[in-house]
Amino acid sequence: MSTEQNNEQMPDWSQYRGVLVFVEQRSGTAKKVSWQLLGAGKKLADKLEVPLMAFVIGDQVDHLADEAIYYGADRVFLCQGPELQDYRTRPYSRITLKLIEEHKPEICLFGATGTGRDLAGAIATHLPTGLTADTTELDVEPHPSRLLLASRPAFSEKMMATILCKQYRPQMATARAGVFQALPRDPERKGEIVLIANPTEGEQIATEVVNFIEQTGTVNLEEAEIIVSGGRGLGGIEPFRLLKELADELGGQVGASRACVDAGWIAHEHQVGQTGYTVRPKLYFAIGISGAVQHTVGMAGSDVIIAINKDENAPIFQFAHYGIVGDLFQIVPAITAEVKKR
Ligand code: FAD
């Protein structure tokens, strides 16, 4: 689709400028996807030559406004109050709507988390505007069309669809965690923090969060810093015990290829790849995993990849920073024993 074609059909959106990112937090801790979205948003903002903005809602979350600046935001809108401690659709969406109405960003980005999906959906419905869910690629056409090119897998992951929002502003998207890279944190970076009021303050809100129970012991691959993943080379359920032992020693989590999930050896919440989670840990072990493209798209962004495979020609070695050719049943216990000594 050419820019000319786009221009023909587009209303005048010149009052909408800037990229706005939702900084999602719980109990004062930001979700990693927020910083990753600032990384993605920065590229869009630079291309459009506009500021990168962020907004933080919560109770006692000033430090997150600073963090957003360290991760690339030029201006951060901060809305705080004890009534905003837990996410609730009505107050959070009213604050966000007011922010959008007053500051008119042309692009709004949210993490494709439970909260991000709920908030973005509520806003898109209310405005109304288009919302592309679960994007894995974000780009923008330069001026004058300034169209957000939001791409995501479609038709059972067999093709990528690029979705445009030509008739409404802002253009909105949610993005999967782990897909985009955060900028390096720069505590010297300066930006503007703008305090905003809660338009629902004092209002009776129909819902109340009585208790939030943090699930413990469950898998959260997107936030994990170390992942020890196993593939069909393990041969069954039982050898996953070896991976769990190593993961526990390192303070990491166990991942898996789809082959293992399909075989029923491990639950889908452990699956890394195109139809599983996209992860970006500091350290990723690929053990008995061949390196099919559907797996590597989900882990190639890891800082350090260690592959263990008995086939020296396995494609996974093309992605690995360190490769060990050999039998996983000898190598994994040896690594665990070594880690235990330290
Ligand atoms: P294999 O390809 O069978 O590799 C096993 C490896 O183990 C081999 O390289 C072998 O040399 C090695 N090995 C065997 N024994 C040992 C030993 N004792 N010691 C050391 N190494 C050993 N896959 C995903 O992982 N995630 C996805 O999200 C995903 N989504 C998909 C979506 C679609 C639409 C499709 C079509 C496929 C998808 N797949 C996905 C499947 C993907 O194509 C591969 O089939 C899968 O990743 C292979 O898993 P694997 O590497 O564990 O198994």
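The values are calculated or read from the model by the stated rules, or taken from the named source; none is laboratory data. Predicted model only: the values in this text are computed from it and were never measured. Here the Cβ is made from the backbone with ideal geometry for all residues, glycine too, and neighbour counts use every protein chain on show. Calculation scope for accessible area: heavy atoms of the full protein, side chains included, ligands and nucleic acids excluded. Shrake-Rupley method; radii C 1.70, N 1.55, O 1.52, S 1.80 Å.
Structure above, values below:
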quantity	calculated
Where only C-alpha atoms are counted, convex hull volume of the range 143-201 per residue in Å³	236
Alpha carbon Rg of the range 190-259, scaled by the compact-globule rule 2.2 N^0.38 Å	1.93
Convex hull (Cα only) mean projected area of the range 51-177, reported in nm² to one decimal	8.3
For the range 237-293, diffusion coefficient by Stokes-Einstein and Kirkwood Rh (Cα), 4 °C, 1.567 mPa s, µm²/s	110
Listed residues Leu38, Leu221, Leu328, most fluctuating in the chain (Gaussian network, C-alpha, under 10 Å)	Leu328
Whole-number D in µm² s⁻¹ for the range 173-296, Kirkwood Cα-pair radius fed into Stokes-Einstein, 10 °C, 1.306 mPa s	92
For the range 274-341 and the range 218-246, distance of Cα centres in Å	11
Computed log₁₀ I(q)/I(0) - Debye formula, equal Cα scatterers, no solvent, the chain, q 0.08, 0.10, 0.11 Å⁻¹	-0.44, -0.66, -0.78
Förster radius 56 Å - calculated FRET efficiency between Gln204 and His143, Cβ distance, rounded to 0.05	0.80
Of all accessible heavy-atom area on the chain, the percent that carbon and sulfur account for (1.4 Å)	49
Nearest-ten-degree value, helix 32-48 long axis tilted from longest Cα axis of the chain	60
20 Å cut-off, amide nitrogen to a point 7 angstrom out along Tyr322 Cα→Cβ, residues in the range 225-249	225-231, 242-249
Helix axis angle, 328-341 relative to the chain longest principal axis, alpha carbon, degrees	70
Partners for Lys32 among lysines (Cα-Cα distance below 27 Å; same-chain residues under 8 apart left out)	Lys42, Lys43, Lys47, Lys98, Lys104, Lys190, Lys244, Lys282
Set of lysines with alpha-carbon distance to Lys310 below 20 Å, sequence-local pairs under 8 removed	none
Antiparallel bridge percentage (DSSP; both residues within the range 114-271; nearest 5)	55
Viscosity 0.692 mPa s, 37 °C: Kirkwood-radius Stokes-Einstein D of the range 258-342 over Cα pairs, µm²/s	245
Cα convex hull of the range 106-188, projected area averaged across orientations, nm²	7.1
Within the chain, percent of DSSP bridges classed antiparallel, to nearest 5	20
Separation between Cα centres of the range 149-193 and the range 45-76, rounded to whole Å	15
The chain: most fluctuating residue of Asp186, Asp74, Asp59 per GNM, C-alpha cutoff 10 Å	Asp186
For the range 69-155: accessible area per residue (Å², 1.4 Å)	37
